[in-house]
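Encoded as structure tokens, the structure appears first; notes follow it.
The values are calculated or read from the model by the stated rules, or taken from the named source; none is laboratory data. Small disclaimer: the values here were computed from a predicted structure and weren't measured. Backbone-built Cβ (ideal geometry, glycine too); neighbour counts: all protein chains shown. Keep in mind that these areas ignore ligands, DNA and RNA; they rest on the heavy atoms of the full protein, side chains included. Shrake-Rupley method; radii C 1.70, N 1.55, O 1.52, S 1.80 Å.
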Amino acid sequence: MIRIEREPAPSATALVIAHSGALIAGLALSAGLVAASGFDPVEAFSAIWRGAVGSRSALIGSLVKATPLILTGLAAAVAFRARLWSIGQEGQVYAGAMAGWLAVTLAPWAPAALLIPMALIFAVAGGAGLGAVASGLRTRYGVNEIISTVMLNYVVIYLLSWLLSDGPWGEVAATISYQQSPPAPEAARLPTLDERGRLHIGFPIALLASLSCAILIARTPLGFEIRAMGGNPEALRRRGVDIRRLTLIVMALSGALAGLAGVGETLGVTHRLRGDELYGLGYAGVVIGLIGGLRPLGVALAGLFFGGLANGAIFMSVLSDAPAALAQAIQGVLLICILCGGVAARTRLRRTVSHVA
Amino acid sequence: MSPDPQGVAIAVSVLAATVRTMTPLLFSAMGELVTQRAGIWNMAVEGAMLCGAFAAYIVVAVTGSLPLALVAAAIAGALVSLMNAFLTATLKVDHFVAGLALNMLASGLTLFWFRAFISGRSQPTFSGLTPMDWPLADAPVLGPILFAQRPLTLVAFLCVPLVWFLLYRTRHGLELRCIGENPEVLDFKGVNIAARQYAASLFGGAMTGLGGGFLILAFSDRFLPDITAGRGWLVVVAIIAGAWRPLGVLVAVAVFAFLEALAIHAQVLGLGLPHQVFLVAPYIASLVFLTRLRHRDSQPARLGEVYRRGER
């Protein structure tokens with residue numbers, strides 16, 4: 001007789017096998033999806049591949065796309081590790097971009113050496129501040145953080161919409177409102193690393209952030225508390241840890257990471273404040289955080305993967321009729337497969353001997 | 001002194017819009033209330049509503065049939081909820097993670113299919129659900145508010161007493177509520193907990209899908225990728241604010257719908273505020289709602305908890 005048992009702590013091998021299996025299943029399902037929608041999956045995936053890594057320029061484009069995804073993925077991972085189901089990354093990306101832009105409008109005359117650090121600090125503060133609001137709503141008023149962060153996302157998005165249309169930040173010369181600010185001054189453009197000025201310093205910052213988060217979670221007392229909060233909050237409380245303070249720290253850290261993603265897009269890619277360029281980065285971060293197994297280095301890998309996918313999908317949509325939104329669809333399919341894969345890793349089939357004669 | 005006729009006209013228009021706007025929220029809220037009372041904290045309401053709206057759009061654009069479109073909407077919503085039930089009741093995945101994942105899947109898939117559907121052509125439009133043209137609709141004041149509505153609006157309001165009756169006056173309703181409070185008791189009795197949770201999820205998903213279908217067929221003549229705009233989340237908030245009781249949920253839905261109706265009339269009301277202020281009002285109101293909430297004990301005790309036999 002074969003019994004199905006639950007294995008609370010699966011081995012690393014089981015996890016790797018389950019994850020790879022889920023990845024393959026997810027890509028196969030996505031290929032089926034492409035075929036069912038009337039496109040040639042081989043053509044589509046080879047176009048994505050070429051668009052993602054086919055040339056130096058394609059590769060740089062993929063890294064640029066990966067930058068905000070790694071940061072929002074980390075933001076999700078840090079919060080989820082503490083079992084704080086914040087999906088406020090979307091609003092925090094906007095808040096970071098807006099706070100960074102505020103720095104630019106406060107000191108448009110400042111040299112880059114002053115303006116860039118100021119914008120980055122503002123962005124971190126903006127994202128962290130919004131995270132702190134959700135934290136306060138949870139610890140003080142018992143408002144579930146999923147719901148509060150979703151609501152706050154809409155509040156922030158409409159705030160930006162107002163600032164860019166009737167508000168003070170819209171492009172003055174425009175007769176129709178394009179929901180965008182005027183271009184940023186030269187000094188407010190993030191420094192870049194390649195000769196064509198596309199790969200901005202947000203990318204090394206994102207990699208550094210992954211490394212720092214990995215060390216923070218695995219090697220520091222704070223990281224221990226974060227993991228304990230996710231595993232056994234009651235034990236943590238008994239040890240005398242201030243859960244309110246810890247929640248605030250985690251939510252602010254998560255918000256700060258998402259805020260960096262926002263300012264990176266605004267001052268590193270679009271060089272002006274626009275809402276549509278920021279849309280969906282935070283929600284993608286939730287997917288990437290989960291697919292990365294809530295481990296910072298896994299998140300970095302997942303971010304690179306999905307950055308390449310997003311960049312390649314644009315190339316594919318130029319070549320064929322298949323829409324670039326395929327990248328989002330694949331994200332969703334892969335996430336479901338990985339969730340099921342995680343369950344599979346925690347399940348084992350055991351042969352049992354029947355004692356009934 | 002007779003009332004200012006223009007003021008009355010605006011007030012009537014706002015209230016009529018409130019009733020209209022309540023419809024999709026009410027369908028979804030009554031459905032998800034049943035799901036939540038069965039202990040499943042469905043966070044994929046937004047995704048189910050979006051899939052319902054999308055399915056309705058595709059079917060009406062291809063066949064032109066409004067009844068078929070509504071059926072498709074209900075099926076699409078039920079499918080999303082079915083996946084949620086599979087992940088939570090069968091695979092025992094955390095309810096929050098499952099819901100988040102399904103929302104991502106729903107927005108990704110609908111966006112991709114929508115772009116694939118319209119690629120290389122202009123988006124087909126359709127003529128949607130029209131208000132009823134019956135004698136009551138011509139009644140002064142109350143006519144336009146209550147009776148010059150679409151038939152489905154009446155159905156949505158009828159759902160409130162129906163769901164109340166189902167939950168509080170039938171054996172199935174009692175057992176359903178028991179699953180949300182104390183599943184062990186029913187498990188000992190030999191009731192299949194997972195099967196009941198599947199049934200409740202299917203009902204909730206179909207109702208949410210129907211709400212999404214109504215949303216697009218009555219409010220729009222085309223599909224927009226973010227057409228639900230957080231309404232699924234407002235439904236979740238309305239259920240919490242309404243303390244998991246049909247009448248309370250009805251009131252919460254009415255408040256949200258009234259705020260949205262004010263946003264539609266921002267220009268006419270001439271308050272000189274940017275329209276974003278009104279658009280943002282339901283979200284701020286729900287946050288204030290939730291901070292003022294003190295009756296937490298009305299929440300089903302085991303809502304959102306994975307049930308495994310013999311473990312607590």
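Quick notes on this one:
- Cα gyration tensor, region A:147-205 - rounded (a/c under 1.5), prolate or oblate: oblate
- Considering only B:237, B:204, A:290, the residue lying farthest towards the positive end of the dipole of the protein assembly as shown is A:290, judged by Cα position with unit charges set on Cβ.
- For the residues of A:34-42, the average number of beta carbons from a partner chain within 10 Å of their own beta carbon is 2.
- Whether region B:168-312 is rounded, prolate or oblate, judged on the alpha carbon gyration tensor where a/c under 1.5 counts as rounded: prolate
- All other residues whose Cβ lies under 14 angstrom from that of residue B:33 are scored, Lys and Arg at +1 and Asp and Glu at -1, for a net of +2.
- Sorted peptide list for A:141-147, A:52-58, A:128-134, criterion being average Cβ within 10 angstrom, highest first: A:128-134, A:141-147, A:52-58
- Here the simple spin-label model places points 7 Å from the Cα toward Cβ, and for residue B:119 and residue A:121 these points are separated by 4.8 nm.
- Ordering of B:119-132, B:35-48 by burial proxy (mean other Cβ atoms within 10 Å per residue, highest first): B:35-48, B:119-132
- Summarising the label geometry, the points placed 7 Å from Cα in the beta-carbon direction at residue A:141 and residue A:114 lie 3.9 nm from one another.
- Net dipole in debye of region A:36-160 [+1 Lys, Arg Cβ; -1 Asp, Glu Cβ; about Cα centre; nearest 20]: 300 debye
- Residues of region B:169-269: accessible area per residue with a 1.4 Å probe, Å²: 38 Å²
- Amide H contacts of residue A:184 (H built 1.01 Å from N, in plane; Pro and chain starts excluded): A:272 sit under 5 Å, all sequence-distant by 5 or more or on other chains.
- Chain A - percent relative contact order, Cα under 8 Å, separation 6 or more: 38 percent
- Applying the Kirkwood pairwise sum to the alpha-carbon positions of region B:134-227 produces a hydrodynamic radius of 16.3 angstrom.
- For residue A:159, net neighbour charge (Lys/Arg +1, Asp/Glu -1) across residues whose Cβ lies under 15 Å away: -1
- Between 0 and 90 degrees, the angle of helix A:243-265 with respect to the longest Cα principal axis of chain A falls at about 50 degrees.
- Ranked by how many other beta carbons lie within 10 Å on average, peptides B:86-99, A:30-43, B:184-197 from highest: B:86-99, A:30-43, B:184-197
- Annotation: residue A:50 carries an accessible surface of approximately 120 Å², with a 1.4 Å probe and no ligand, DNA or RNA atoms counted.
- Each Lys and Arg Cβ is given +1 and each Asp and Glu Cβ -1; about its Cα centre, chain A then shows a dipole of about 1540 debye.
- Ordering A:344, A:210, A:256 by Cα displacement along the dipole of region A:210-349 toward the positive end leaves A:344 in first place; charges were set at the Cβ atoms of Lys, Arg (+1) and Asp, Glu (-1).
- Rounded to whole numbers, the Karplus 3J(HN,Hα) couplings from phi for region B:165-171 are 4, 4, 6, 10, 10, 10, 4 Hz, using 6.51 cos²θ - 1.76 cosθ + 1.60 with θ = phi - 60°, and x at Gly and Pro.
- The contact between chain B and chain A removes approximately 3800 Å² from the accessible area (both sides summed; 1.4 Å probe; ligands, DNA and RNA excluded).
- Region A:267-307, accessible area per residue, ligands and nucleic acids excluded (1.4 Å, Å²): 33 Å²
- Charged side chains reduced to their Cβ positions (Lys and Arg at +1, Asp and Glu at -1) give the protein assembly as shown a dipole of some 2160 debye around its Cα centre.
- The order of B:175, A:277 by accessible area, most exposed first and with a 1.4 Å probe, is A:277, B:175.
- Inter-chain shielding of A:142-148 (mean C-beta neighbours from other protein chains, 10 Å cut-off): 6
- In units of the compact-protein estimate 2.2 N^0.38 Å, region B:1-146 shows a Cα radius of gyration of 1.34.
- Working note: Karplus 6.51/-1.76/1.60 with θ = phi - 60° gives region B:207-213 the couplings 5, 5, x, 4, x, x, x Hz, where Gly and Pro are set to x.
- Inverse of mean 1/r across different Cα pairs in chain B, Kirkwood, Å: 20.2 Å
- Cut-off under 5 Å, modelled amide H: who pairs with residue B:43 long-range: B:99
- Shielding by other protein chains, A:330-340, mean Cβ within 10 Å: 5
- Shown here for region B:214-312: GluC sites (Glu not before Pro) in loop regions (DSSP other than H, G, I, E, B) with at most 11 other Cβ atoms within 10 Å, namely B:311.
- Region A:1-124 shape via C-alpha gyration tensor axes, a/c threshold 1.5: oblate
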